[in-house]
Structure formats: C-alpha cells, structure tokens
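The values are calculated or read from the model by the stated rules, or taken from the named source; none is laboratory data. What you see is a predicted model; the values in this text were computed from it and never measured. Please note: Cβ atoms are built from the backbone with ideal geometry, for glycine as well, and neighbour counts cover all protein chains shown.
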Amino acid sequence: MASKPPDLMSTIVSLCKRRGFIFQSSEIYGGLSSCWDYGPLGVELKRNVKEAWWKAMVTNRRDIVGLDAAILMHPKVWEASGHLAGFTDPLVDCKSCKERFRADHLTDLKKCPKCGGELTEVRKFNLMFKTFMGPLEDNSAVVYMRPETAQGIFVNFLNVQQAARLKPPFGIAQIGKSFRNEITPGNFTYRTREFEQMEMEFFVPPEEDVKWYDYWRDKRLAWYKSLGIKPDNLRLRDHAKDELAHYAKACVDVEYKFPFGWSELEGIANRTDFDLKQHSTASGKSLAFFDEETKQHMFPFVIEPAAGADRATLAFLVDAYDVDGEGDNARTVLHFHPSLAPIKAAVLPLVKREGMPEKAEKIYRDLLDNSVRSSFDLNSSIGRRYARQDEAGTPYCITVDGQSIQDDTVTVRERDSREQYRIAATQCVEVIGKKIKEANLCLSA
Ligand code: ATP
C-alpha cells in the first residue's frame, strides 16, 4: 500500500473537482469564498449521509419524529433564544497585514501569528446573516437567516407533541440549511457560511437529563464508526465550563482527525429547559408539556445531538481515501461504506462487440429499475475502468465478457478485496441488493 500524499487536503480538493464531488461555487466568476457546490457524485454521497442519519434518528425509531421548518423565522425567535445578543465570535484584525482572526483561536493576543504585527482590540461580531422581508429595507422588515435548525423545533414543540401524541422522552429531528457569517471560514467544506445541519432535540423529564446525555453521546459516536470511519480517527471531547454555549449545561464534541487536526464533527449538548422557557416568556404562550396522567405541567430538558451534513460528508471522504499500489501502478480508492457510496454498481462490457454492450445494457436497466444507483462504462481498457470506479468509491463492478454470451453469467468484482466471482446475469439485482443489505445490518439503529 502506498503512503498518502503529504498534502492530503489539496489532493482531496482536486479529486473532488475532477470526479465531480464538489466544485467551487460560481467558479467562472472567480469563485465565491467558502461556498461550494456538490456535483453528480457529491450530491449522491451527501444525500446518502443524510439518509443514513434520518434512518438512524427517525425511520428506525419509535420515539423520534421529523420536522421541516422554514429557514426564515419571526425575528423575536432570535431575541428570545439569545442569538441576537449572544451569538457572537470574538474578532481581531492585524494592523499590518490586515488578516482577520477569531480571538479564541489564538494563543497570543498581542502578536499576529502570520506577520508578527500588532493586533486590534477584541470586538464581538454577530454571526447571523440579516436580510429584509418585503420591499422596504427598514428596521421593521429585518429578518435573519437561521444560524441553527434547532429553534424551528423549539417553537413547534407543542404543535408536534400534540399532533403526534407524544410524551417525554421523545425527539424531533430536522435536516436543513443554516447560515453563519463565519469570521474565518476554510478547510474546504469544513467551515462555510452556508451549510446543512442534522439536528435532533430530545425532550426528557428533567431528572433524566444525565442518563439521556450519556446515551446520545455513545449512540452518535457509534453511528460514525458503523458507517466505516476508523475508530482511531474519532474521539470525544468534553467542553470546559468556559467554552459552553449560553444555553448549555454540558456539551461533548465528536471530533474527527482531519488532515488539519482534530476538529468537531458534531456536538451533543444538554440545553436544559432554557429554550422552551425563553420562548414561553417571550411569546406569552407556555410551551410546557401537560401530562394527562398526573395533570402536571412540566418543562422537559433537551439533549441535542447536532451534526453537520457537510462536515460528516467531508469526514467520510477523507477517511475513505486511500492509495493502492506503488509508482506508476498507484491508484486512488475511496473505501466508502456501501450505503454511502454514490454509485453502488458499475456495469462494464469487456468489449464493444459480440453482443456484450447489449447484454450489459439490460443488466444496467434492470439495476436502475430496482433503484440500485448504477453506472455504465464502455470506454477504455477494463483495468482503467476498474480504476475509475475505485476512485469514485463504487463497491461492485459487473463485467460482461465472452463467457457471458455463452452461459449467461457475469463477473462481480469487489472494490475492497478485489475478489472476483461469477454469478448468473439474471441475479445481479438480487446479489448486489443483498450485499448492500448485509452491509447495512451493522449500522447502529
Ligand atoms: P464550531 O465550534 O466549529 O464553530 P459550533 O460548535 O458552533 O461549531 P454547533 O452550533 O454545535 O457548531 O453546530 C452543530 C454542527 O453544525 C457542528 O458540529 C458542525 O458539524 C455544523 N456546523 C456548524 N457551523 C458550521 C459551519 N460554519 N460550516 C459547516 N458546518 C458547520
């Protein structure tokens, strides 16, 4: 096995562009800083990440339901949640080179880490994007692009609880875009100003908060591992008291060892009853849960696993990346878990004659008709075509050769083991479907 390139991030960024995972936004205009577009392979990968999350958090559970709230919300939401006053990062500028830094990312606030120049005083900078609703651009028309999806869940707490007839402990999950005017975006899709979150608010009786916090911390770490992230590249990091967000009693991050260092993938926070109480006071409408049995009102505590779909996708990409072989034979393989792989199977006729393309086309059609995302590749040598599929992370290749015409069998080649075996052409959907199902069995529910 060849070693990985020294500048792994740059290699991954160029692979992403070349193979259509991720492109720079508005590239033909010189690009828009920190904004990225997902191409044909990337959009499948990210959808599969979100689908795996939704399955683990909603579909396969009896105690969690979903929600899809609007991005724009009443401005009072952000006043009550504390984001208007408190969702700030400390900012400093270098007086010489004009570089801007987050003060909490620096160890020495006297000297610019880039040029050694003098730094300005620390200023607080609110991360929320502002815009105007309707034609008038005055203060009464200001609305904010949500910086987290969670508030859409809190303000709908009673709507959902009553409509779905739920009793704590239960959860409400949501996947959607959030926006933060980050001071220092960067590291590819790791920190951007527009990103997608996968958040779940789990409402529990206050006395059960510690138990559920521990439960979700372990569950969320296990989710990344079950989808193939190497355990050595994952760790949990407890927040120190002075690091906690204004609403949190405790918080632990799931961190991934990115090429640029250990960094947060997901935060699991105990948000207490802060949000429900704040919205009750500010709106004048109580969001307390009423227990029909005990006839008591209660504000549940909230345990929140909050993940980023883009950060998770990047971690799955980086972790799957591998270089196989040496020198001229070295080639890139993305070892995606089959349920995350953008393409599950590639159908490859060995040559362009003797009825092979026609036979392969039938298999390809059959896979698509059964919702197995597949591709068809007719050009260049079979070795090159296998290499192209390895680089896209396709777990199975199906080759139609001379023997296929004689006895109606095809060769299946597995990406990770390189193992090859023959199966009946009519069984492709069944065999590939079974393999993906088996791989999914180890997913943590
Ligand atoms: P950070 O400390 O990295 O700024 P955070 O602790 O403020 O992140 P949370 O508010 O806990 O982040 O948001 C939950 C998740 O949303 C994060 O773990 C991350 O995966 C994702 N996320 C937050 N900010 C961004 C961003 N600017 N770009 C991409 N993903 C983000």
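I need the full set of residues from the range 377-402 which are under 19 Å from Asp366 (Cβ atoms) and among the hydrophobic types (A, V, I, L, M, F, W, C), in order please.
Once the filter is applied, which keeps residues that are under 19 Å from Asp366 (Cβ atoms) and among the hydrophobic types (A, V, I, L, M, F, W, C), the range 377-402 yields Leu378, Cys397, Ile398, Val400.
Step by step: first the residues of the range 114-141, then only those that are in a loop (DSSP other than H, G, I, E, B) and touching a His at 6+ places or on another chain (Cβ under 9 Å), then the one that is nearest to Asp89 (Cα to Cα). Which residue is that?
Leu127
Of the residues Pro135, Pro147, only one is over 12 Å from Glu201 (Cα atoms) and within 15 Å of the ligand (Cβ to nearest atom); which?
Pro147
Considering each residue of the range 148-169, count those that are out of contact with any strand residue (DSSP E or B) (no Cβ under 6 Å at 6 or more places or on another chain), part of a loop (DSSP other than H, G, I, E, B) and not charged (D, E, K, R), and give that number.
So the count comes out to 2.
Checking Ala288 against (1) surrounded by fewer than 20 Cβ atoms within 10 Å (Cβ to Cβ); (2) modelled with pLDDT of 95 or more; (3) away from the ligand (no atom under 16 Å from the Cβ); (4) within 29 Å of the chain's Cα centre (by Cα): exactly one of these is not met. Which one?
Here Ala288 meets the rest and fails (4).
Select from the range 166-207 the residues that are over 23 Å from Leu72 (Cβ atoms) and of a type in the set (S, T, N, Q) and write down the one among them that is modelled with the lowest pLDDT.
Looking at residues that are over 23 Å from Leu72 (Cβ atoms) and of a type in the set (S, T, N, Q), I get Thr184.
Going by the structure shown, is Asp253 more than 12 Å from the ligand (Cβ to nearest atom) and touching a residue at least 12 places away in the same chain (Cβ under 8 Å)?
No; evaluated as a whole, the condition is false for this residue.
Being more than 16 Å from the ligand (Cβ to nearest atom) and either outside the structural domain of Phe188 (by TED's automatic domain parsing) or of a type in the set (A, V, I, L, M, F, W, C) (or both) is the filter here; which residues of the range 291-310 pass it?
Passing the criteria: Met298, Phe299, Phe301.
The rows are residues; the columns are (1) more than 16 Å from the ligand (Cβ to nearest atom); (2) modelled with pLDDT of 95 or more; (3) at positive phi; (4) over 17 Å from the mean Cα position of the chain (by Cα).
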{"site": "Asp232", "(1), (2), (3), (4)": "yes, yes, no, yes"}
{"site": "Arg237", "(1), (2), (3), (4)": "no, yes, no, yes"}
{"site": "Lys257", "(1), (2), (3), (4)": "no, yes, no, no"}
{"site": "Gly261", "(1), (2), (3), (4)": "no, yes, yes, yes"}
{"site": "Leu265", "(1), (2), (3), (4)": "no, yes, no, no"}
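State which residue is surrounded by the fewest Cβ atoms within 10 Å (Cβ to Cβ) when the search covers only the range 170-218 and only residues that are part of a strand (DSSP E or B), over 14 Å from the mean Cα position of the chain (by Cα) and within 12 Å of the ligand (Cβ to nearest atom).
Gly186
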